[in-house]
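Working notes, beginning with the structure itself.
The values are calculated or read from the model by the stated rules, or taken from the named source; none is laboratory data. If you're wondering where the values come from, they're calculated on a predicted model, not measured in any experiment. No Cβ is skipped: glycine too gets one built from the backbone with ideal geometry, and neighbour counts run over all protein chains shown.
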Amino acid sequence: MIPLAEARTRVLAGCRALAPAERALEAALGCVLAETVTSTGDVPPFANTAMDGYAVHAADTQDVPARLRVIGTLAAGGAPDRPVERGQALRIMTGAPFPAGADAVVMVERTRVEGDEVVVLAPAQPGDHVRPAGEDIAAGQEVFVAGTPLGPGHLGVLASIGREMASVVPPARVGVVSTGDELVVGAGRLEPGKIRDSNRPTLLALARQAGCQVTDLGVAPDDEAAIRDVLDRGLAECDALLTSGGVSMGEFDYVKKVLDEIGDMAWMQVAIKPAKPLAFGVVAGKPVFGLPGNPVSSMVSFELFARPALRQMMGFGPYGLDRPQVRAVADDDSLRRQPDGKIHFARVVCAYGADGRYHVHSSGGQSSNLLRAMALANALAVLPDGAGPVAGDEVDVMLLS
Ligand code: AMP
Ligand code: MG
């Protein structure tokens, strides 16, 4: 067995970032910026009012109540056509350009209208409620550096500086194939010895959640030629492949045989439970993950190896690869374990308690075939080799959602 960190280092070393591409903003959510973006203009582009109210000379409002003549009304989107003189006020709405002459805005709540005059009830100071040009972003300013993952706010900022496209690392195209003669797709009758394929829908969804663009490569039987065909097709269309099943020591584990023939594969026994077996290699320049067949193992293997590797391909830096981890209190003895030289990843339910700490308990049976308990878990407790925590002990927890 090799340590988890060593297996992970090997996998990450085989997964280089994809080439950047120009993408429309609406297709760039979640992508990592591949350019450093500089603004050509100011945001906001002009000084404007932060409040509905009156643009005035602050000096005219020092003795209240102060009467000023209203010279017009300016809405957001309008442009002032004359300066505000001493003794005058311009009615002005939030976002409207701040007029020349004036130096402050009096909010409407501090005024009263009398005929064509406004009575200002509280003195204003120069600069009150005026938002200067470039307050958010100045022309020439570096807005985001290359390597920034784009969230909804980033897309808004890019739009605000007039960008319609950005150079980003595109989503990895990931093909997913299940292998096994026992697998049946969909709702049809189960003949003796058959089970339904659950790994493919799960892995397709995990890859989509990780920000990838997925291709469903279907189910391949335990047959060398069929497996070779589907891998060839996947390698032609995708940037990376996920297979599940057929990588153990069984007599019909042809995935292993085929991958060995076409690629430079490492067959690892990782000191973890579940998901001990892992095949990883680069085939025709593309990373291929041979994940174990047991449903929980394939999910945990995805979390520990494929997800960080795919995110590295999509340009995420070292701090953007992994799920967040927190410390949590074990609420009972359900996470006790036997020493076996492995790190265990226990399926747990994790909740934030009224005491300001995270709490965990087992989500159900911990065998690698019990997918429901994995589905019910929202976190994996990372249990170092040993006897495991008793109620009240703290554990590291990887949050899956
Ligand atoms: P294997 O690695 O092919 O020996 O499979 C290990 C276990 O996982 C066996 O019990 C398989 O039936 C099961 N298994 C493999 N692939 C899938 C799948 N796609 N969906 C559900 N179970 C699977
Ligand atoms: Mg099999």
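Could you list all residues from the stretch 179-216 that are away from ligand 1 (no atom under 12 Å from the Cβ), closer than 18 Å to Ser298 by Cα and in a loop (DSSP other than H, G, I, E, B)? Step through it out loud before you land on a result.
Going residue by residue through the stretch 179-216, those that are away from ligand 1 (no atom under 12 Å from the Cβ) are 186-192, 205-216.
Now restrict to residues that are closer than 18 Å to Ser298 by Cα: 205-210, 212, 214-216.
Of everything in the stretch 179-216, those that are away from ligand 1 (no atom under 12 Å from the Cβ), closer than 18 Å to Ser298 by Cα and in a loop (DSSP other than H, G, I, E, B) turn out to be Ala210, Cys212.
Consider Gly364 carefully, then state whether it is without any contact (Cβ under 8 Å) to a residue 60 or more places away in the chain and in a loop (DSSP other than H, G, I, E, B).
Against the criterion (without any contact (Cβ under 8 Å) to a residue 60 or more places away in the chain and in a loop (DSSP other than H, G, I, E, B)), Gly364 qualifies.
Can you tell me which of (1) in the same structural domain as Gln209 (by TED's automatic domain parsing); (2) more than 23 Å from the chain's Cα centre (by Cα) is the one Pro287 doesn't meet?
Against the list (1) in the same structural domain as Gln209 (by TED's automatic domain parsing); (2) more than 23 Å from the chain's Cα centre (by Cα), Pro287 comes up short only on (2).
I'd like to know if the stretch 286-307 contains one or more residues that are away from ligand 2 (no atom under 16 Å from the Cβ) and more than 23 Å from Met398 (Cβ to Cβ).
Taking every residue of the stretch 286-307 in turn, at least one turns out to be away from ligand 2 (no atom under 16 Å from the Cβ) and more than 23 Å from Met398 (Cβ to Cβ).
With assigned to a loop (DSSP other than H, G, I, E, B), in contact (Cβ under 8 Å) with a residue 24 or more places away in the chain, over 30 Å from Ala207 (Cβ atoms) and of a type in the set (A, V, I, L, M) as the only criterion, which of Ala89, Ala122, Ala100, Ala146 stands out?
Numbers: Ala89 fails: assigned to a loop (DSSP other than H, G, I, E, B); Ala100 fails: in contact (Cβ under 8 Å) with a residue 24 or more places away in the chain; Ala146 fails: over 30 Å from Ala207 (Cβ atoms).
On inspection, the qualifying residue turns out to be Ala122.
Residues in the stretch 332-353 that are of a type outside the set (Phe, Trp, Tyr), more than 18 Å from Lys276 (Cβ to Cβ) and surrounded by fewer than 18 Cβ atoms within 10 Å (Cβ to Cβ): how many? Lay out the reasoning, then the answer.
Looking only at the stretch 332-353, we keep the residues that are of a type outside the set (Phe, Trp, Tyr), and these are 332-344, 346-351, 353.
So of that shortlist, the ones also more than 18 Å from Lys276 (Cβ to Cβ) come out as 332-336, 348-351, 353.
Cutting the leftovers down to surrounded by fewer than 18 Cβ atoms within 10 Å (Cβ to Cβ) gives us 332-333, 336, 349, 351, 353.
Counting residues in the stretch 332-353 that are of a type outside the set (Phe, Trp, Tyr), more than 18 Å from Lys276 (Cβ to Cβ) and surrounded by fewer than 18 Cβ atoms within 10 Å (Cβ to Cβ) gives 6.
So, of the residues in the stretch 261-283 that are within 16 Å of ligand 2 (Cβ to nearest atom) and without any contact (Cβ under 8 Å) to a residue 40 or more places away in the chain, which turns out to be surrounded by the most Cβ atoms within 10 Å (Cβ to Cβ)?
Restricting to residues being within 16 Å of ligand 2 (Cβ to nearest atom) and without any contact (Cβ under 8 Å) to a residue 40 or more places away in the chain, the top hit is Ala279.
Regarding the stretch 244-258, can at least one residue be identified that is within 23 Å of Arg307 (Cβ to Cβ), away from ligand 2 (no atom under 12 Å from the Cβ) and buried (at least 16 other Cβ atoms within 10 Å of the Cβ)?
no
Out of the stretch 231-271, which residues are among the hydroxyl-bearing types (Ser, Thr, Tyr) and part of a helix (DSSP H, G or I)?
If the condition is that a residue be among the hydroxyl-bearing types (Ser, Thr, Tyr) and part of a helix (DSSP H, G or I), then Tyr254 is the only one that fits.
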